[in-house]
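The values are calculated or read from the model by the stated rules, or taken from the named source; none is laboratory data. If you're wondering where the values come from, they're calculated on a predicted model, not measured in any experiment. Note that we place each Cβ from the backbone using ideal geometry, even for glycine, and neighbour counts take in every protein chain shown.
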Number of protein chains: 2
Amino acid sequence: MPTRSADALDEALRARGLRSTLQRRLVLDAVAALGHGTPEQVCERVQVEAPSLSPSTVYRTLELLEKLGVVSHTHLGHGAPTYHVSGHEHIHLVCRRCGAVQEADVVQAGALAQEVADRYGFATDVAHLSLDGVCARCAGKHPTPAGR
Amino acid sequence: MPTRSADALDEALRARGLRSTLQRRLVLDAVAALGHGTPEQVCERVQVEAPSLSPSTVYRTLELLEKLGVVSHTHLGHGAPTYHVSGHEHIHLVCRRCGAVQEADVVQAGALAQEVADRYGFATDVAHLSLDGVCARCAGKHPTPAGR
DNA sequence: ATAATTGCAAACAATTTGCATTCAG
DNA sequence: CTGAATGCAAATTGTTTGCAATTAT
């Protein structure tokens, strides 16, 4: 159902008097298809359909889409920001061993945010919360952590 | 009391048959002094004392120190990893408006980790937990969030 | 028609790597 | 002495920017 998001995109663009272009749609579709992806991953994915779509455009478009509120980004694991379509908010569990990113719906996150708000006056964006750790699979595989 | 950490460092190095050098001590001191800092910040800081100490060495040393377990790194806010001395573990509250990083001691983090462990079998590294949001000061200043 | 958007190529910044020199053990 | 560690400079990688050509409106 790519039509839905396309429409939503069009709408958002029109609202700001911006233009609806193929590349913008492709970038959004790629983000949606990936679930969560770095700019590079989006580039790769998008260039399958449109090899001429340049990285510059991907970067610019991601920024734009974020401003429009249709996607948002978090910083998981290492340096690269990870984009995902807005709305489908969740917590990320990032495994430091295998790098896998699992999405989770966690009740306690609210309690945590509440405490931080009360004690530090800090308004946590729960949607951008990501946890670093070791996933079940890796924990099973390597009971004794190695150096590297 | 920089003597303490110097000794600890020496010890850790010896244990692995590695050499104790001035630059390694300087890098560790810089990390300790900064509380939490990116490689670049460490470079800057370290080059005050030793202008010839090269970035390469800083990068290599941070990696080494981490392997030794005397420092660890997290990813706050944007891309750059942030290093801090191990032991003094805490949660980071990163303000997306002003970029300020506040350290917090939060009880609920344990409950959160527990839930994730129970439901997903994911072993959270609580020490690397960082929250994205808006700090008290910024919330007060700009009641109406802007686009950029 | 007209200005927004794109693609390209060059500019940039941050990090990594190879290698000759230096220095701790 | 001897190999580990450093400093330098060049190579990479990921991202940004300027500008002419393109294209949605």
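Hey, A:GLY77 hits all of (1) over 23 Å from B:GLN108 (Cβ atoms); (2) within 10 Å of another protein chain (Cβ to nearest Cβ); (3) out of contact with any strand residue (DSSP E or B) (no Cβ under 6 Å at 6 or more places or on another chain) but one; which does it fall short on?
(3)
Residue check, B:GLU89 against (1) under 27 Å from A:ASP105 (Cβ atoms); (2) facing another protein chain (nearest Cβ under 10 Å); (3) touching a Ser or Thr at 6+ places or on another chain (Cβ under 9 Å), all met but one. Which one?
So the condition that B:GLU89 fails would be (2).
So which of B:ARG19, B:ARG14 is exposed (fewer than 13 other Cβ atoms within 10 Å of the Cβ), outside the structural domain of B:VAL101 (by TED's automatic domain parsing), among the basic types (Lys, Arg) and more than 10 Å from DNA strand D (Cβ to nearest atom)?
Values: B:ARG19 fails: more than 10 Å from DNA strand D (Cβ to nearest atom).
Being exposed (fewer than 13 other Cβ atoms within 10 Å of the Cβ), outside the structural domain of B:VAL101 (by TED's automatic domain parsing), among the basic types (Lys, Arg) and more than 10 Å from DNA strand D (Cβ to nearest atom) holds for just one of B:ARG19, B:ARG14, which is B:ARG14.
Conditions (1) of a type in the set (Gly, Ala, Ser); (2) within 20 Å of A:GLY87 (Cα to Cα), marked per residue:
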position: A:ASP7; (1), (2): no, yes
position: A:LEU26; (1), (2): no, yes
position: A:GLY37; (1), (2): yes, yes
position: A:GLN47; (1), (2): no, no
position: A:ALA50; (1), (2): yes, no
position: A:LEU65; (1), (2): no, yes
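Can you pull out the residues in the stretch B:14-26 that are more than 7 Å from DNA strand C (Cβ to nearest atom) and away from chain A (no Cβ under 14 Å)?
Applying the first criterion (more than 7 Å from DNA strand C (Cβ to nearest atom)) to the stretch B:14-26 yields B:14-18, B:23-26.
Across the stretch B:14-26, the qualifying residues are B:ARG14, B:GLN23, B:ARG24, B:ARG25, B:LEU26.
In the stretch B:128-137, is there at least one residue being at pLDDT below 85, surrounded by 14 or more Cβ atoms within 10 Å (Cβ to Cβ) and over 15 Å from A:ASP125 (Cβ atoms)?
So far as the stretch B:128-137 goes, yes, one or more of its residues are at pLDDT below 85, surrounded by 14 or more Cβ atoms within 10 Å (Cβ to Cβ) and over 15 Å from A:ASP125 (Cβ atoms).
Suppose we keep only residues that are surrounded by fewer than 21 Cβ atoms within 10 Å (Cβ to Cβ) and small (Gly, Ala, Ser) within the stretch A:85-112. Which one would you say is farthest from B:SER72 (Cα to Cα)?
In this case the residue turns out to be A:GLY87.
So which residues in the stretch B:27-61 are within 13 Å of DNA strand D (Cβ to nearest atom) and among the hydroxyl-bearing types (Ser, Thr, Tyr)?
Within the stretch B:27-61, B:SER52, B:SER54, B:SER56, B:THR57, B:TYR59, B:THR61 meet the criteria.
Within the stretch B:97-135, can you find the residues that are outside any helix (DSSP H, G or I), more than 7 Å from chain A (Cβ to nearest Cβ) and over 21 Å from B:LEU34 (Cβ atoms)? Give the steps one after another, and end with the answer.
Here is the first cut: in the stretch B:97-135, the ones outside any helix (DSSP H, G or I) are B:97-107, B:121-125, B:129-135.
Filter again for more than 7 Å from chain A (Cβ to nearest Cβ), leaving B:97-101, B:103, B:105, B:130.
Within the stretch B:97-135, B:ARG97 is the sole residue that qualifies.
Give me the residue from the stretch B:35-62 that is surrounded by fewer than 18 Cβ atoms within 10 Å (Cβ to Cβ) and under 13 Å from the mean Cα position of the chain (by Cα) and, out of that set, nearest to DNA strand C (Cβ to nearest atom). Spell out how you get there, then give the answer.
Residues of the stretch B:35-62 that are surrounded by fewer than 18 Cβ atoms within 10 Å (Cβ to Cβ), as a first pass: B:35, B:40-41, B:44, B:47-52, B:54-56, B:59-60.
Pick out the ones that are also under 13 Å from the mean Cα position of the chain (by Cα) and you get B:35, B:40-41.
Values: B:GLY35: 18, B:GLU40: 5, B:GLN41: 9 Å.
The selected residue is B:GLU40.
Kindly indicate whether A:LEU65 is buried (at least 21 other Cβ atoms within 10 Å of the Cβ) and facing another protein chain (nearest Cβ under 9 Å). Talk me through it step by step, then tell me what you get.
Numbers: buried (at least 21 other Cβ atoms within 10 Å of the Cβ): yes; facing another protein chain (nearest Cβ under 9 Å): no.
For A:LEU65, the condition - buried (at least 21 other Cβ atoms within 10 Å of the Cβ) and facing another protein chain (nearest Cβ under 9 Å) - is not met.
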